[in-house]
Amino acid sequence: MARLKTDWILFLTILAMTGFGIVMVYSASSAAARPFYHVEPYFFVLHQIVFAVISFFVLMYFKRLDYRLMNTSTWAFSPLGIVLASLILVYFVDTKTHRWFRIPGVGSLQPSEFAKPALVLFLAYFISRRAQSINSRKTIQQAFVAVAMLAMLVVVADLGTAMVPVLTAVIVLWVAGLEWKYMLRVGLLGLMLVVIAIVWQGYRLGRVIAYLDPDYSKIELIDTHHWIRNYVTRSTSIRDASYQPRQSKIAVGTGGIFGVGLMQSRQKMMFLPEAHTDFIYATVGEELGLWGCSAVLIGFIAILWRGARLFLLARDDFGKYLALGVTVSILLQALMNITVVLDMAPTKGFPLPMISFGGSSLLSTLGSLGMLLSVSEHEG
């Protein structure tokens, strides 16, 4: 049996970022836990540690598993089928947000998070068998049906979460050789569906308007009857859609180069909502400054470097596209989260992989990175 070759740069980067995430979750949540969430100061960090331990074992399982054993129809379709069934079930179980399975004594699981690794496995299997006929009508139709079904079920609860697997699929198919004419058609269809999804929910439309035209000065040159403003205002989820990005920028700006110090953030005291989840990068910026934000970026750049290297070195198409899919999925989510935190895009709920609080996100991310490590260990 060939000796396994651990990619220590990637492995240690994953451990360092997960450990850093645990520290930042405690820093961002402990002071606000009791007065605002009515839980003990250690509640959130203990939850994160438990899921970090579970996720580490999942990471090690996939790391040791020869990725070529996953190049089967069972691995390609079973996780995808389970995720699709879970997304249907959670719609009826969680009647309010359609996102969470709440498990007493454990916490909550968000099945949409597992759509990302499930789709990556499917795409790697699918493309490895259709690489020579990627532009045939049959191939495009089959890929489109799988991605569209998944996207439609995810977008019911969370438009932002749906964007990550869909954009991952588009990028992977483009790298595999999908022609521009098909890319354009898919892009236009996707844009149309995104517009419909945004308009369908007032709070989504409100976030976009808050980013593009917060005082409605341009919109109401056309909408003189204020129909759009009234529609957004009627949304029960909307208060001030520009509040979060404004507070986020204050946090990052306050941190400057060196930060105000670990545990010393003021914005996390509910000036900045979701300081330990979707906006934890702002807490990093406030407490650790530019060097802390740069350290997080360096971690993601390291993942990009090792993932791109594996895409080029893997000896079979399944390994290549598995490495590409995992890398693109994680980097896309990180990029989307950071752009929202820096107010470079409309507000949307993207956890920062390995850093934000959230068991489902951590489990999904480390499971995916375990598959990436498996390609590294077995590609020789």
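Any read-out appearing in this document is the output of simple, stated calculations on the displayed coordinates, not a laboratory observation. Predicted model only: the values in this text are computed from it and were never measured. Please note: Cβ atoms are built from the backbone with ideal geometry, for glycine as well, and neighbour counts cover all protein chains shown.
Observations
- The slack in the chain from residue 212 to residue 234, taken as 0.36 nm per residue of separation less the alpha-carbon distance, amounts to 6.0 nm.
- Charge dipole of region 8-378 about the Cα centre (unit charges at C-beta), most positive-ward option of 339, 260, 293: 339
- Contour minus Cα-Cα distance for residue 335 and residue 220 (0.36 nm per residue): 38.2 nm
- Among 209, 196, 250: highest mean-square fluctuation, GNM of the chain, C-alpha pairs under 10 Å: 196
- Positive dipole terminus of the chain, leading residue within 231, 25, 134 (C-beta point charges): 134
- DSSP loop trypsin sites (Lys or Arg not before Pro) with at most 16 other Cβ within 10 Å excluded, longest remaining stretch of the chain: 97-217
- Note: region 1-138, Cα convex hull, 180 Å³ per residue.
- Within region 294-330, backbone nitrogen closer than 12 Å to the virtual label 7 Å beyond the Cα of residue 23 toward Cβ: 295-296
- Treating r as the C-beta distance of residue 40 and residue 60 and R0 as 35 Å, the FRET efficiency rounds to 0.70.
- Helix-only mean residue ellipticity at 222 nm for the chain, each DSSP H run of n ≥ 4 adding -39500 (n - 2.57), per residue, nearest 500: -23000 deg cm²/dmol
- Spatial separation of Cα centroids for region 66-83 and region 335-380, in angstrom: 21
- Gaussian network model of the chain, springs between alpha carbon atoms under 10 Å - residue of 47, 225, 276 with greatest fluctuation: 225
- Among 176, 334, 323, residue whose mean-square fluctuation peaks in a GNM of the chain (springs only between Cα atoms under 10 Å): 176
- Using the Cβ-Cβ distance between residue 249 and residue 167 with R0 = 22 Å, the FRET efficiency computed as 1/(1 + (r/R0)^6) comes to roughly 0.30.
- Theoretical FRET efficiency, 1/(1+(r/R0)^6), r = Cβ-Cβ of residue 342 and residue 138, R0 35 Å, to 0.05: 0.25
- Dipole magnitude of region 282-380, debye to nearest 20 (Cβ charges: Lys/Arg +1, Asp/Glu -1, about Cα centre): 160
- Dimensions of region 8-378 along the principal axes, based on C-alpha atoms and rounded to the nearest Å, stand at 53, 50, 41, largest first.
- Over region 62-134, equivalent-ellipsoid semi-axes from the Cα gyration tensor in Å: 29, 15, 8
- Charged-residue dipole, Cβ positions (Lys, Arg, Asp, Glu), region 1-140 about Cα centre, Debye nearest 20: 580
- Taking label points 7 Å from Cα along the Cα-to-Cβ direction, residue 96 and residue 305 give a separation of 4.5 nm.
- The chain: relative contact order in percent, alpha carbon pairs under 8 Å with at least 6 residues between: 29
- Counting only Cβ charges, +1 for Lys and Arg and -1 for Asp and Glu, the dipole size of the chain around its Cα centre is about 640 debye.
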